[in-house]
There are 4 protein chains.
Amino acid sequence: MNAIPATMNFASDNNAPVHPKIIEAIVRANRGHVLAYGEDVYTRRAVAKFREVFGPDVEVFFVFNGTGANVLGLASLVRPYNAIICAETAHIYTDECGAPERFTGCKLLPLPTSDGKIRVDQVRSHLHVSGVEHHAQPKVVSITQATEYGTVYTPDEIRELADFVHNRGMFLHMDGARLANAAASLGVSLRALTTDAGVDVLSFGGTKNGLMFGEAVVFFNPTLSREFRFLRKQGLQLAAKMRYVAVQFEALLTDDLWLENARHANRMARLLADRLQGVPGVTITQKVEANAVFARIPRRAVAGLQAKYFFYVWDENASADEVEVRWMTSFDTEEAHVLDFVEAIKREVDFPGR
Amino acid sequence: MNAIPATMNFASDNNAPVHPKIIEAIVRANRGHVLAYGEDVYTRRAVAKFREVFGPDVEVFFVFNGTGANVLGLASLVRPYNAIICAETAHIYTDECGAPERFTGCKLLPLPTSDGKIRVDQVRSHLHVSGVEHHAQPKVVSITQATEYGTVYTPDEIRELADFVHNRGMFLHMDGARLANAAASLGVSLRALTTDAGVDVLSFGGTKNGLMFGEAVVFFNPTLSREFRFLRKQGLQLAAKMRYVAVQFEALLTDDLWLENARHANRMARLLADRLQGVPGVTITQKVEANAVFARIPRRAVAGLQAKYFFYVWDENASADEVEVRWMTSFDTEEAHVLDFVEAIKREVDFPGR
Amino acid sequence: MNAIPATMNFASDNNAPVHPKIIEAIVRANRGHVLAYGEDVYTRRAVAKFREVFGPDVEVFFVFNGTGANVLGLASLVRPYNAIICAETAHIYTDECGAPERFTGCKLLPLPTSDGKIRVDQVRSHLHVSGVEHHAQPKVVSITQATEYGTVYTPDEIRELADFVHNRGMFLHMDGARLANAAASLGVSLRALTTDAGVDVLSFGGTKNGLMFGEAVVFFNPTLSREFRFLRKQGLQLAAKMRYVAVQFEALLTDDLWLENARHANRMARLLADRLQGVPGVTITQKVEANAVFARIPRRAVAGLQAKYFFYVWDENASADEVEVRWMTSFDTEEAHVLDFVEAIKREVDFPGR
Amino acid sequence: MNAIPATMNFASDNNAPVHPKIIEAIVRANRGHVLAYGEDVYTRRAVAKFREVFGPDVEVFFVFNGTGANVLGLASLVRPYNAIICAETAHIYTDECGAPERFTGCKLLPLPTSDGKIRVDQVRSHLHVSGVEHHAQPKVVSITQATEYGTVYTPDEIRELADFVHNRGMFLHMDGARLANAAASLGVSLRALTTDAGVDVLSFGGTKNGLMFGEAVVFFNPTLSREFRFLRKQGLQLAAKMRYVAVQFEALLTDDLWLENARHANRMARLLADRLQGVPGVTITQKVEANAVFARIPRRAVAGLQAKYFFYVWDENASADEVEVRWMTSFDTEEAHVLDFVEAIKREVDFPGR
């Protein structure tokens, strides 16, 4: 007997539904005619909310999804002969089907990483090509916060990268699909990780933190945003009925809903990792700082576990008889789910398939 | 005293809210985890609904917006050295900020038109460049149904274009942002205007007909759709929480909600045009076949009218003292709005600004 | 009996061989190793020669061909959401297989023209979209000098366009594939038509005026050229053995070889036109200001004439029984060729095929 | 006293002049008018010569330079959502300023390599993403022959890669900027390394082997070449006066001039490497199989040597006090140059700067 709903999984925070408060905000906005394309009061209110949170000088633009936010934010910073430096694990490098290259024309230069983070010295090693026309010219460093491995950059680490690139006429871009999780993890404000740390352009994620759709591109240097309206329209990312994106973000930033959702997801990941400490056959492979748990488990245990709570194998060949898996939690993961999953893991690792 | 809500306007069907049945469908789907990116039961059900309506062989993909649907549908049909032939008034030519050119690499060849429609002879005049490498090679004809002028192609007119282009190894693309309005106007099925008329790829609009966001790209020749999943992802148009697009379309195609909405909007346009017949100073300039009314009115009347019911001026310089305006109706336009607007028009044309 | 070499034609100035002085310059440079990619003394000397001719502040870059020069020069001036305004007859619009669109991402906006030239009022009519994100934003006006119809802009006409666009934050680009012919026609310097007339970027043609290959992109505002080295390399237009392009241009600009060649070609076109005055059945259709003659002739005369001196039909359907043809002359067209051709025309128009 | 011409260097085979027989071929072709853009007898003759050498079914197209040949050859094989797999040292990855990404829209996936060559197992490791829309889809493997390290693939090694990729619906592209050197090194025909080894598309280099400009794109599967004329024109690589490219290639392939030039260059590299065997402070770091010698030398020796015979430092930080350098030889490198350079090296390594 299993009282846990069959529809819970640990595959992705994108698999979660929409937070009830977000649905409520949408329903509240569903009255009468307003101008399309963002010329409406809802959008103005949402932008004002961003300025409360990130500082009065930010410029904010709503787009449909994370790839759109990343690609258009980057496009604001580059010319096609530029190169964009990122971790080899970055979403923009591995999971956007070449959209950054196609849309910006730029080369992406991947840096090796064991924890999803990149360091100043790695960036430096790519800069000797500056000024030589045979080589794509590095112009942007893009980091992901929290990283694709569920680790986080401290404000100081971000500031160090920001200072380094700014001193060389370059920009710092942040893919913040899970910025909320990073801030919750560090116990700092969104502003401390962005405005105050020297980020130039941010993709601020909504979809993975309880929204239905929509991401925000935040410019901390307003002069960089001058072209964005045109890039967004030409980049297929201008929503006609913008109010329905805007009110989601307004709700997310109201009464710290973003923080509540992220903190909860992080806590569930922490709980999962804690309960797996010392379980034979299970090895946590990354620091659990946000809402992801990476672990090595026996290959033979995978199918049985996936049937119960679906998740993705990250590395099929972690060792001869082990795979590395990624377990994601979300705002609606319940403690009961986690505990039930832990029991399932223990059982499958021990006697798979029972 | 004016009982009409201040938020009604005649500017665009994009300014309308979301139809209540669409909101309900969204709320119903908001339970539990499902796989992201369209690997879910809601998306399968919506696709099945499209096959009921358009025929069993269609392939359907959901995207975020109309520009995305047009650009990616076209990208499925071309290589960058191709040309796309369309009316000079086509949304893809005038209102997408060059997105088709940027994303496909193709040249758009605009054909002059007085009613928004194009004819076979105009297409033929561009084909003498075929095979000559100095010229972009025509590969697609794109038509808009209903047109940007609110006129419609009959099934025979579409078939004639389809046969012509197919005989020359080319394709017929349809921007169907308002296909529902065209079908309602002609009293024919969606299928009669597409599947049965020889269309190869269709952008089927939702946003202008009561949806929150989302358009569908429909392939009538499945072999043309093989690459679409990759084009969509790289083209920034893959929704993570796909279920929330899918259920909107499922609801739209259920119990002919699409038809009810479109028919109502058309009726309101018809009513507006009928009531303006014979009003001195107002000249209807296009056939009113869908949900748009184009008219010439005195320039001095514009500001007063816009203050009451906003709309856009289409041509600032229709004559020395007249402008051409576009009035759009939508699923939620009420007869009272129209009649009130007609009175306002009569008043402003007569004594502007009172 | 025909003493005229069979290999002469009136099809294109691209069909001519290389001027002997250009060959000599190449042979002279064919000694020893020099650094590739333009870091050599020959390139420096050629650039210095351009500064003598066009003024000390110009920046000059050599590329392979005219399409390359146009596309990369334009790419220096735009972002992908921009529009480029040109005549509907412009080489960039009709004869570059969509290269400008593909490479810049921009829309080209064609202006109707009867003589290949465009006027300020036509440009103005496209500027009402400025600032509206739905429309590609006009940023460049591109003119061709001499035009594709063999007509020329006066310095004043160029200045008027330059002032107009500069006042609106836009740029003036000149496709000067036949700039030499225009300068020869007007009896003015190259500088008078470019530097002094407000042109921002010029494609200065070599291939049509006696060179083997190579065009020069000339920037009159050096700040616009900062990125060009990178655009050129990424744009496939950086020659490894640059010296062989550079010495051709040095020779062309030495002792007014450019002028001598162009003046001769113009004179031959003038002679052809003059001798055809009053010939029944032949109607000159454009002013003969450079090295092209456009004429209407009976359709039945075409094949016979082409067999003798090949040329291209410009418009197959000029009238029921006439075509419009384009006859080009070049630096090596001899008076005897022209006179012989005139006789052939008279004969064919009268009794075709004899 | 130094009788060696000051203009010899070991920096690049691009720094050499044009072979006298190539100049002669150009001069011979410089008579009369011929149709532009390759519709001429010289081009037909050159293509016929390619068919003699590579087999009767090849399709051949001439372009301006190596980057153009690579990018357009690759563009024939891909759609923008594809990935191109290559060595991290590949010219297309490191030295083309991002042109492949910009022009094809594709992602390049670099494989680590110590000798410039890639192996089947490395390719296999990238194919698990096939069919998953989040990832750019591998479609082409591109190898360089001879490699950027002066090493060569055997026919069997090429065949193994070709079979592997063909079995997976992929293509094998070869950057043959120095294919002549590889064939000379292995003592096999050009055909053995391409047609007979399963290559799909080849960039056949001319400029590095004695030509003035020009590369050839060779298709071994003619169906892949159908679009190339359009890609070339739109890709800025269609020469107007094509005859001057064609006759260079015809001469290069006549009486084995390609082989003579390449064999000589290889012999000079071999001589240089042999004479440096056992010289203290000099370590040859790669097999010397073509016309390149890679070596580690003391950093303090570099400046003095460069002043005498210029060359490029490949790796500034090979060790604490050593750099890795690349010395290239060419068709015109003389034995005396090599011996003189060896003496200089010995001297500088011993007593730098004297």
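The values are calculated or read from the model by the stated rules, or taken from the named source; none is laboratory data. Remember, it's a predicted structure, so these values are computed and weren't measured experimentally. Methodologically, a virtual Cβ is constructed for each residue, glycine included, from the backbone with ideal geometry; neighbour enumeration extends over all protein chains shown.
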* **Members of the range A:119-155 that are surrounded by fewer than 17 Cβ atoms within 10 Å (Cβ to Cβ), under 23 Å from the mean Cα position of the chain (by Cα) and β-branched (Val, Ile, Thr)** => A:Val120, A:Thr154
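A quick yes/no check of all residues on (1) in contact with a strand residue (DSSP E or B) (Cβ under 7 Å, 6 or more places away or on another chain); (2) among the hydrophobic types (A, V, I, L, M, F, W, C); (3) in the same structural domain as A:Arg44 (by TED's automatic domain parsing):
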| position | (1), (2), (3) |
| --- | --- |
| A:Ile143 | yes, yes, yes |
| A:Leu172 | yes, yes, yes |
| A:Val201 | yes, yes, yes |
| A:Leu211 | no, yes, yes |
| A:Arg226 | no, no, yes |
| A:Lys233 | no, no, yes |
* Asked: With (1) free of Cβ contacts under 8 Å to residues at least 40 places away in the same chain; (2) assigned to a loop (DSSP other than H, G, I, E, B) as the list, and B:Asp274 as the residue in question, which single condition is left unmet?
  -> (2)
* Taking A:Leu35 as meeting all but one of (1) at the interface with another protein chain (Cβ under 8 Å from one of its Cβ atoms); (2) in contact (Cβ under 8 Å) with a residue 40 or more places away in the chain, write down the number of the exception. => (2)
* Asked: Which of the following residues is farther than 27 Å from A:Thr207 by Cα and out of contact with any Pro (no Cβ under 9 Å at 6 or more places or on another chain): A:Gly150, A:Gly169?
  -> A:Gly169
* To do: Kindly provide the set of residues from the range D:14-39 that are under 21 Å from the mean Cα position of the chain (by Cα) and not in a helix (DSSP H, G or I), ordered by number.
  => D:Asn14, D:Asn15, D:Ala16, D:Pro17, D:Val18, D:His19
* Determine, yes or no, whether D:Arg51 is within 30 Å of D:Val165 (Cα to Cα), buried (at least 23 other Cβ atoms within 10 Å of the Cβ) and either at the interface with chain C (Cβ under 8 Å from one of its Cβ atoms) or out of contact with any helix residue (DSSP H, G or I) (no Cβ under 9 Å at 6 or more places or on another chain) (or both). => no
* Asked: Of all residues in the range B:69-117, which are more than 14 Å from chain D (Cβ to nearest Cβ), of a type in the set (Gly, Ala, Ser) and touching a helix residue (DSSP H, G or I) at 6+ places or on another chain (Cβ under 8 Å)?
  -> B:Ala87, B:Gly98, B:Ala99
* Asked: Counting just the residues of the range B:320-347 that are outside any loop (DSSP other than H, G, I, E, B) and under 20 Å from the mean Cα position of the chain (by Cα), which one comes out surrounded by the most Cβ atoms within 10 Å (Cβ to Cβ)?
  -> B:Trp327
* Asked: Which residues, counting only those in the range C:26-41, are within 26 Å of C:Val201 (Cβ to Cβ) and surrounded by 22 or more Cβ atoms within 10 Å (Cβ to Cβ)?
  -> C:Gly38
* Cross-chain or 6+ apart pairs with Cβ under 9 Å, the range B:330-343 first and within 12 Å of another protein chain (Cβ to nearest Cβ), then assigned to a helix (DSSP H, G or I) and among the acidic types (Asp, Glu) -> B:Phe331/B:Glu260
* To do: Would you point out the residue of the range A:78-91, among those that are surrounded by fewer than 24 Cβ atoms within 10 Å (Cβ to Cβ) and touching a residue at least 60 places away in the same chain (Cβ under 8 Å), that is nearest to the chain's Cα centre (by Cα)?
  => A:His91
* Give the residue, chosen from A:Ala75, A:Ala99, that is of a type in the set (A, V, I, L, M) and under 17 Å from the mean Cα position of the chain (by Cα). => A:Ala99
* Can you tell me which residue among A:Phe50, A:Phe61, A:Phe10 is under 24 Å from A:Trp327 (Cβ atoms) and either of a type in the set (S, T, N, Q) or not assigned by TED's automatic domain parsing to the domain that holds A:Leu305 (or both)? => A:Phe10
* To do: Only residues that are of a type outside the set (A, V, I, L, M, F, W, C), part of a helix (DSSP H, G or I), in contact (Cβ under 8 Å) with a residue 12 or more places away in the chain and closer than 21 Å to D:His33 by Cβ: list them for the range C:279-319, please.
  => C:Gly304, C:Lys308
* Is it the case that A:Asp315 is outside the structural domain of A:Ala184 (by TED's automatic domain parsing) and over 17 Å from A:Arg270 (Cα atoms)? -> yes
* Could you look through the range A:121-139, keep only residues that are part of a helix (DSSP H, G or I) and β-branched (Val, Ile, Thr), and pick out the one that is farthest from C:Leu236 (Cα to Cα)? => A:Val123
* Asked: How many residues are surrounded by fewer than 24 Cβ atoms within 10 Å (Cβ to Cβ) and assigned to a loop (DSSP other than H, G, I, E, B) if we restrict to the range C:171-189?
  -> 3
* Hey, D:Pro17 hits all of (1) free of Cβ contacts under 8 Å to residues at least 24 places away in the same chain; (2) within 17 Å of C:Ala240 (Cβ to Cβ) but one; which does it fall short on? -> (1)
* Check the range C:229-245 and report whether any residue there is of a type in the set (A, V, I, L, M, F, W, C), in contact (Cβ under 8 Å) with a residue 12 or more places away in the chain, more than 14 Å from chain A (Cβ to nearest Cβ) and on the phi < 0 side of the Ramachandran plot. => yes
* Test result for D:Gln248, touching a Gly at 6+ places or on another chain (Cβ under 7 Å) and assigned to a helix (DSSP H, G or I) -> yes
* Assess whether D:Leu77 counts as being in contact with a strand residue (DSSP E or B) (Cβ under 8 Å, 6 or more places away or on another chain), of a type outside the set (Lys, Arg) and in a loop (DSSP other than H, G, I, E, B). => yes
* Test each condition in (1) in the same structural domain as A:Ala36 (by TED's automatic domain parsing); (2) surrounded by 24 or more Cβ atoms within 10 Å (Cβ to Cβ) for A:Ala265 and report the one that comes out false. => (1)
* Residues (crowded, with 23+ Cβ neighbours inside 10 Å, in a loop (DSSP other than H, G, I, E, B) and within 7 Å of another protein chain (Cβ to nearest Cβ)) located in the range D:206-228 -> D:Met212, D:Phe213
* **Failed item, numbered, when D:Pro56 is tested on (1) surrounded by fewer than 24 Cβ atoms within 10 Å (Cβ to Cβ); (2) farther than 23 Å from C:Asn65 by Cβ; (3) touching a residue at least 40 places away in the same chain (Cβ under 8 Å)** => (3)
